[in-house]
Every structure is written in structure tokens, then in C-alpha cells.
Amino acid sequence: MVRYQTMLDKAVLSPIGFDSFGLPAENAAIKAGSHPRLFTEARMKELSSSLRRLGAVYDWRREVFSHDPVYMRWSQTFFLALLKAGLAYRAEAPVNWCPGCLTVLANEQVLADGTCERSGDLVIRKDLEQWFFRITTYADELLEDLDDLDWPERVKTMQRNWIGRSEGVEFDLPLASNPSRALRVFTTRPDTGFGVTYAVVAPEHPLLVELTTEAQREQVHELVERAKSESELERTASSESGPGLEKRGAFTGSFVLNPFTKQKVPVYVADYVLGNYGTGAIMAVPAEDERDFAFAKAYGLPIVRTVATPEDFDDGPYSGDGVHINSGFLDGLGVVEAMKEASDYLAREANGVAKVNYRLRDWLVSRQRFWGCPIPIVYCEKDGIVPVPLDQLPVLAPDDVVMDESGQSPLATHGEFRNTTCPLCGEPAVRETDTMDTFTDSSWYFLRFADPFTPDQPFDPVQTAKWMPVDQYIGGVEHAILHLLYARFYVKALIDLGIAPGLSREPFAHLFTQGMLRIDGAKMSKSKGNQIAPEKYYETVGADGLRLFHLFAGPPAEDVDWTEQTEEIIEGCGRFLDRFYRLCEFADVNFHDVADDTDLEVRRAVHRGVATVTDCFERWMYNIAVAEVMSVFNAVSKQARSEHGIERSTLDEAIDLLLILLAPMAPHVSAEIWERRHPDETSLHHQRWPVADRALTVTDRVTMIVQVNGKIRARLEVEPDVSEQDAQDLALADEAVMRSLGQSPIKRVVSKPPRMVNIII
RNA sequence: GCCCGGAUGGCGGAAUCGGCAGACGCGGAGGCCUCAAAAGCCUUUACUCGAAAGGGUGUGUGGGUUCAAGUCCCACUCCGGGCACCA
């Protein structure tokens with residue numbers, strides 16, 4: 001794509017960098033007892049050289065990498081800026097701990113089945129004090145701005161689901177024993193209030209102890225203990241997760257008053273209510289909520305319908321629209337009107353307020369690992385949390401560390417690093433020894449690319465304004481709600497912090513999600529260690545052969561399976577390039593002197609090929625583009641090697657145009673041939689992308705199909721502008737058509753000249 | 001359970017609008033070249049009836065719309081992905 005766009009004479013910025021911090025390097029270093037930097041830099045070298053050999057076009061002058069102290073300085077500066085703005089904070093919270101990675105993870109890094117996105121270990125819950133970024137502040141903007149992005153709908157949907165905005169009402173359920181106190185709940189269905197037959201609090205709810213009566217203490221205690229011992233994932237996302245999961249709960253012994261019916265309803269504690277969403281307590285409406293229904297059935301609680309169910313509805317919870325029943329002043333209203341009435345009522349009677357809740361949680365950025373960007377904070381007994389002064393950044397990890405398998409970050413036990421003095425009072429203090437999530441590093445690198453040369457600022461606003469947003473961002477779907485969400489948040493925050501004035505609030509205007517290479521169904525990735533090294537193919541079919549295969553293998557958005565057949569396809573691509581080379585050497589070519597109709601046909605094929613390949617490139621159909629080049633080549637080659645032969649200038653034009661079409665796909669061999677053919681011209685890659693000669697691409701004859709009762713009976717060559725009458729006459733005069741018509745009278749003729757005529761009998 | 005995407009020869013995959021299904025490649029078969037092989041070249045290759053000419057069938061399944069459906073509509077099956085106790 002870069003090569004193609006460049007040949008269209010566009011200014012193309014194609015940068016490269018390395019997200020060089022992270023666990024793979026650290027784990028490798030632990031195994032070998034060496035320093036992750038050694039691994040990382042060796043790997044970077046290998047990768048760079050492999051990419052260069054592949055012929056990837058990058059502006060290597062702009063290369064950046066996250067463990068570069070210059071880069072780290074700004075990563076840390078941003079952390080402190082976020083802290084100053086109140087967007088970074090330290091809090092104790094239940095967090096996801098991965099026993100395989102020996103660190104906490106962000107919610108986004110935990111898969112739906114409760115395992116770690118990277119190591120596959122089951123994540124456990126721990127209560128720890130950690131650093132967070134207040135990404136939830138931007139929840140609405142992150143959601144709304146998705147609408148205008150040219151991204152795959154799938155990715156946008158994933159982000160929308162992840163943010164999980166829901167509008168509802170928060171209100172009070174007064175305690176029956178003491179109506180001046182209340183249990184606050186959140187609901188999206190205030191209209192179903194008359195159907196509230198019980199309430200539920202989460203096991204973590206602060207009021208739980210107060211609500212629990214002596215008689216129920218033991219039962220409640222048992223449930224709370226069990227909920228605590230299980231990870232959140234066992235609780236919410238076990239293998240049978242979802243609304244069908246078994247509900248476990250216990251009666252607290254207390255009652256609250258339903259503000260609609262003024263009836264006493266029991267308060268339960270149950271693990272299906274989450275402590276960290278909404279108010280951690282709900283009003284339960286079993287008739288209109290699947291989960292409440294299951295719980296009510298299990299615990300023998302009453303179920304009162306408040307919305308009439310459709311006629312064909314048998315049983316169970318019904319959450320659709322309908323007319324309200326058993327609902328006092330709401331009776332007869334539809335769901336939408338009833339919601340409004342009920343909300344107004346709750347506002348008057350139960351301190352009800354409209355409330356928006358999000359599934360999205362703040363971004364946990366602390367990592368108990370060594371190979372990451374240190375969090376630039378000092379803890380002082382007197383001054384508390386103290387940011388490291390900007391002129392002392394970057395805080396660098398020491399090199400004299402021991403990487404062992406203890407699971408402890410070497411920073412935590414490194415006295416010299418850990419023990420420092422407070423920047424404010426000068427008294428002894430300790431450094432933060434956690435590092436930042438590597439997604440913080442990758443959340444702003446694209447800004448640095450616009451101007452990576454200055455050490456004095458993270459990026460030049462003039463340059464970022466010039467290049468940003470990224471016109472075409474390409475990545476795997478696996479980043480749909482990790483990197484792509486974090487980077488969007490970062491950009492918005494950096495703008496609001498005044499760090500990136502004039503920047504577009506969305507970093508990636510167009511997103512294309514590439515497919516992945518799979519082996520035995522598993523994604524090929526560095527973490528799985530099942531990669532296929534390209535080097536081997538550089539030797540056999542060359543980088544160009546491998547490139548051609550890569551494009552040819554299938555649509556770029558889809559995954560490619562590596563099978564026994566794959567090697568053979570790669571060889572086939574290599575063979576094509578060999579054949580192409582031989583034609584350019586005029587091997588087995590016969591020439592004739594004066595151009596004739598056969599030459600015209602060749603020229604037509606070539607020019608149509610130019611048009612088709614251009615179109616394919618515009619529409620990401622690289623596999624078809626390769627097929628088209630092969631196809632055109634076959635036509636040219638066949639003519640050139642026929643006895644009749646080809647006229648010299650026809651072949652020259654064909655080869656030159658094919659070389660240009662091939663330049664972005666197989667840049668090495670095409671450039672070599674070009675140089676040999678045109679020693680005095682500028683290189684192939686500086687040639688302008690061709691435009692097909694319209695006179696040659698318009699068709700002079702077209703194949704018209706003739707159908708009888710929809711079945712094809714003949715194919716006729718006709719003029720493209722053949723009239724309807726002529727088309728029909730031709731069709732009816734055809735021998736094969738006449739045969740299938742037989743004696744039957746013609747009922748009707750449908751014709752779309754010059755494509756087809758259909759005769760109905 | 002809900003929401004997306006997909007299903008086309010032995011295989012990877014083509015087919016902007018409803019109008020020639022299977023482009024291109026891989027693999028297979030036969031042949032040429034060769035003492036032989038490799039490489040290369042040529043022919044052939046959806047299935048099926050037929051000696052051939054020619055016919056029939058065919059894009060996951062079942063219906064429908066249409067002169068005409070891989071393409072549009074309805075129902076379903078299977079595969080892939082996402083979400084899934086968020087009130």
C-alpha cells in the first residue's frame with residue numbers, strides 16, 4: 001500500500017517502531033538469567049533486518065521504541081500530567097491478578113472466560129492499592145465519537161459493548177424498620193416498580209452488616225465468605241456464565257418498602273449482584289428480568305407481572321414492550337410512557353435521579369514487573385504521594401538487577417533504586433517500584449512519529465497537526481478494545497491537558513483489521529512461539545515470492561491457515577516470478593514486424609489489467625490484483641511464444657506496464673528488470689502509477705447469452721451497442737436456440753442488450 | 001441466550017448491479033523434452049449420463065420472490081468471532 005500510494009505521488013509517512021517493553025522479553029531474560037534489554041534489542045535487530053529484506057518501506061529515521069530513555073521521559077511526563085489533572089489516581093480495589101504473569105491486569109486484558117489474555121492462566125481477584133487512569137471520565141465521548149469513525153462495524157460494536165452505557169434511575173428503598181434510612185438502588189426499568197417483590201444487595205455491600213438480623217447472620221456470613229473466596233470470574237463468568245447461571249443468595253432478615261406499592265419486601269444478599277456496578281444493590285422484578293426470575297423461582301419469591309405479555313408467550317420473564325398491568329397509576333401505559341411517569345414519581349417520592357452507568361471501569365495501569373516504564377512517584381512519610389520533578393525524568397530502572405524466578409520485580413528489592421529522598425522535604429522516602437502497563441507506551445507513539453527528532457518535546461504540534469489523524473491504521477482485531485480504546489482515551493486526554501493542541505480528537509480515521517496467520521487453528525503469535533520464520537523463503541522463492549504469496553493467499557481481512565498446501569502455493573508464486581523473468585529475457589519469444597489484430601488484443605488485455613489492478617488496490621483486493629497480473633501475463637506470454645508471435649513494441653509496452661503493476665507487490669525483481677531495460681531512466685519505484693488507455697479498455701465485442709426459459713442455450717458475439725431488436729433477431733436466428741424452442745409458441749422475450757436475451761415459451 | 005461474519009470443485013479462493021458459476025493459483029491426470037530424472041513446456045481437470053454429438057445436475061438445508069438467484073426475502077443447520085448475571 002505504501003508503495004502504491006507513493007507511486008500515486010502522494011506524500012506518505014510510513015513509520016516503524018517497537019513496543020519494546022513487556023513480558024515476553026522479561027520472561028526470556030528470567031529464563032536465561034540475563035537482562036531483558038539484551039533480548040529486546042537483539043530481537044529488534046533481527047526484526048528490522050527481516051523487514052528490510054522483505055522490502056517493507058519504512059522511514060527508519062523515525063524509528064522509536066518504548067524503552068528509549070528519551071521516549072520514557074515523555075511517557076512518564078504524561079503520567080504526571082494525568083495525575084495533576086486528576087485523571088490518574090491511586091486506590092485500593094479488587095483487581096485482577098494473573099498468577100502466570102505475576103502481575104495485575106486491566107479489565108481489558110482479561111478474557112470473557114476469566115483467563116489472562118496473554119498467558120491463558122485463570123485470573124484471581126486480589127485487593128490491592130494500585131494506580132488507575134480515569135478513562136471512565138471519557139466514557140461518553142469514547143462512545144459517541146465511534147459513530148463518525150470509518151472503522152469496521154465489528155470493532156465499533158465491540159467498543160460500544162465494552163463501554164456499556166446504560167441509562168436508568170437511582171432511587172431509595174426505605175428500610176421498613178427505619179424509614180429514615182434507605183437502600184439505594186439503580187434500575188433501567190423504573191416502570192416495572194410495582195412488580196418489585198424483593199431487593200438484593202451484593203455480598204460486598206456496605207449496608208449488609210446492618211441489614212443482617214441475628215437469625216440470618218450465619219447464612220449470610222457463609223455466602224459472603226464463599227463469594228470472597230471465589231474470584232470475580234468464577235462468580236460471574238464461569239463456563240456456564242450468563243443469565244442462566246445458578247443464583248445463590250440468602251435472606252438478610254430485613255425488609256424495605258416498595259415506594260410504589262408501599263409494601264414490605266424482603267432484602268436478600270446474592271452473588272448475582274455485583275458490588276462494583278451501579279449502587280451494588282437492585283430492586284428485583286422477577287416477572288420482567290431473567291436473572292430475578294431465576295432467583296425468585298429458586299427461593300420461592302412471588303412473581304407479579306406488570307407488563308402484559310404477548311398472546312403466544314408461555315411463561316418466564318418478559319422484558320419486551322407491552323401494556324402495564326397491576327401497576328396502579330401506570331396501568332394501560334406502554335413501556336416508554338410508563339418509564340417517564342415512574343421516573344417522575346420516584347423523583348418526587350424516593351429521591352430518584354436519572355443516572356447513567358457504564359460497564360467500563362477505570363484503567364488499572366500498575367504492573368508488578370521490571371521490564372516496563374517506571375511510574376515516576378515517590379512515597380514520603382511526611383508528604384505522601386510525591387511526583388518526581390519533571391526535570392528529573394526519566395526515572396530509569398537500574399541495570400544491575402538480578403532476573404530470577406522469584407516472581408518479585410527486581411525493582412521492589414533493589415535498595416538503591418527503592419530508597420531515595422523526598423523531592424519536597426529531602427527526607428528518606430521510597431520509590432514506586434511498579435511499572436506502567438505497556439499499553440501506556442503504545443497509546444501515544446503515533447504522535448511521536450510525526451516528529452521523533454526533537455528531544456525537547458514529545459512531539460511538535462505543527463507536525464502532528466500536519467500528519468494526524470492517521471489516514472490508514474492497520475492492525476489485528478485483537479486490539480479492538482485494548483490498544484484502540486486506550487489510544488483514543490490518551491489522545492483526548494492529552495488534548496484536554498493542553499499537551500497536544502490542535503490535534504484531532506480521534507487518532508485513527510480509517511481502520512483496517514488484518515487477518516492473522518493460523519497454524520492448526522491457533523493464531524500465530526510471538527507469545528505462542530509458533531511463528532514461521534520468513535528467512536527460509538528469502539532463500540528459496542525470494543522476498544518477492546513470499547510477498548506475492550502473502551497478497552495472494554486470500555482477502556487481507558481474513559485469517560490464513562498455514563497447511564501442507566501453503567508451501568506449494570509459495571513455490572507457485574516463485575514460479576510465476578521465474579516465468580515473468582524469462583519472458584522479459586525474451587525466452588522462446590517469436591516476433592513479427594507489423595502489429596496486427598493479435599497485438600491489439602494483447603494491448604487491450606494489458607490496459608484492462610491496469611484498470612483492474614488499480615481498482616483492486618483501491619479496494620484492498622490484493623489477492624485479486626495478483627490474480628489479474630498473472631492473468632494478463634498469461635495472455636501476453638501465450639501470444640509472445642506462439643508461432644505467430646508478437647510485435648516488438650506491443651511486448652515492450654506490456655512488459656513495462658506489468659513491471660509497474662508488479663512494483664508494489666514484487667519490488668525487487670521488478671526493479672531489477674526495469675533497470676536492465678531502462679538503464680537511463682529513473683528507477684521503477686519512482687515511476688508514476690499508470691492510467692489505462694480508455695480507448696483500449698472499452699470493449700469492442702461482448703458475449704451475449706441467450707436463454708430459453710432461463711437456461712443458457714447459446715453465446716453470441718455482439719456489438720456492445722446492439723439494439724434490443726437486433727439482439728432478439730440474432731438470438732432467434734441461432735441454431736441451438738431454434739432447436740430448443742422447437743414448435744412451442746414464444747410467450748415472452750426479456751432482453752437486456754448486450755448482456756442477454758431470455759426467451760420464455 | 002444475544003449480536004456480527006461466514007458456508008462456492010480435491011484445496012486456497014474469484015464472481016460491484018440479480019444476468020456466462022468456478023477467474024487466478026495449488027493439487028491431480030495425460031503428453032512433450034530426456035538414456036533417465038529434475039526443471040520447463042503443452043493439454044486436461046465441478047459432478048453426472050453418453051462412444052460422440054449432446055443432455056442433466058450443481059454455490060450448507062428447506063421454502064419464497066423473479067423471465068432469471070451464489071447474489072434478494074423467510075425459516076433452519078453447521079463453523080468462526082464478539083458479548084454474556086452490568087439490573
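Here the simple spin-label model places points 7 Å from the Cα toward Cβ, and for A:His678 and A:Glu427 these points are separated by 7.6 nm. Compared with the alpha-carbon gap, the fully stretched path from A:Glu167 to A:Thr703 is longer by 187.0 nm at 0.36 nm per residue. Roughly how many whole Å is it from the C-alpha centroid of region A:721-761 to that of region A:570-616? Value for the Cα centre distance between the two parts: 37 Å. In this structure, A:Glu214 and A:Thr566 have a Cβ-Cβ separation that, at R0 = 51 Å, corresponds to a calculated FRET efficiency of about 0.15. Extension gain for A:Glu222 to A:Asp145 (0.36 nm times residue separation, less C-alpha to C-alpha distance): 23.1 nm.
At an R0 of 35 angstrom, the distance between the Cβ atoms of A:Asp399 and A:Glu558 translates into a FRET efficiency of 0.20.
Charge dipole of chain A (Cα centre as origin; +1 on each Lys and Arg Cβ, -1 on each Asp and Glu Cβ, all else neutral): 580 debye, rounded to the nearest 20. Every helix of 4 or more DSSP H residues in chain A counts as -39500 (n - 2.57), and over all residues that averages to -11000 deg cm²/dmol at 222 nm. In terms of the Cα gyration tensor, with a ≥ b ≥ c the square roots of its eigenvalues, is chain A rounded because a/c is under 1.5, prolate because a/b exceeds b/c, or oblate? Since a/c reaches 1.5 but b/c is at least a/b, the shape of chain A is classed as oblate. Hey, quick one: spin label on A:Ala595, modelled 7 Å out along Cα-Cβ, who in region A:626-655 has an amide N within reach, i.e. under 11 Å? So the set is A:647-654. Against the longest alpha carbon principal axis of chain A, how many degrees, from 0 to 90 and to the nearest 10, is the axis of helix A:335-349 turned? Roughly 30 degrees between the two axes. If you take the beta carbon distance between A:Val356 and A:Ala412 as r and set R0 to 45 Å, what does 1/(1 + (r/R0)^6) give as a FRET efficiency, to the nearest 0.05? Efficiency for this residue pair is about 0.70. Enumerate the aspartates and glutamates that A:Lys340 could reach by cross-link, defined here as Cα to Cα under 18 Å, with residues fewer than 8 away along the same chain left out. Partners within reach: A:Glu167, A:Glu170, A:Asp172, A:Asp191, A:Glu288, A:Asp321, A:Asp331, A:Glu349. For the cross-link pairs A:Lys31/A:Lys536; A:Lys10/A:Lys638; A:Lys84/A:Lys228; A:Lys264/A:Lys297; A:Lys262/A:Lys297; A:Lys84/A:Lys466, the ones whose C-alpha atoms lie over 25 Å apart are A:Lys31/A:Lys536; A:Lys10/A:Lys638; A:Lys84/A:Lys228; A:Lys84/A:Lys466. Annotation: lysines with alpha-carbon distance below 16 angstrom to A:Lys752 (same-chain offsets under eight excluded): A:Lys711. Once the Cα atoms are used to define both axes, helix A:483-496 deviates from the longest principal axis of chain A by about 70 degrees. In this structure, the amide hydrogen of A:Leu364, modeled 1.01 Å from its nitrogen in the peptide plane, lies closer than 5 angstrom to those of A:Asn107, A:Phe133, counting only residues at least 5 positions away or on a different chain. Take every Cα-Cα pair in region A:166-357 and report what % of them are more than 32 Å apart. The share of Cα pairs beyond 32 Å in region A:166-357 comes to 12 percent.
Here, each number is a calculation from the coordinates, and none is a lab measurement. Just so it is clear, the structure is predicted and the values come from calculations on it, not from any experiment. Virtual Cβ from ideal backbone geometry, glycine too; neighbours counted across all protein chains shown.
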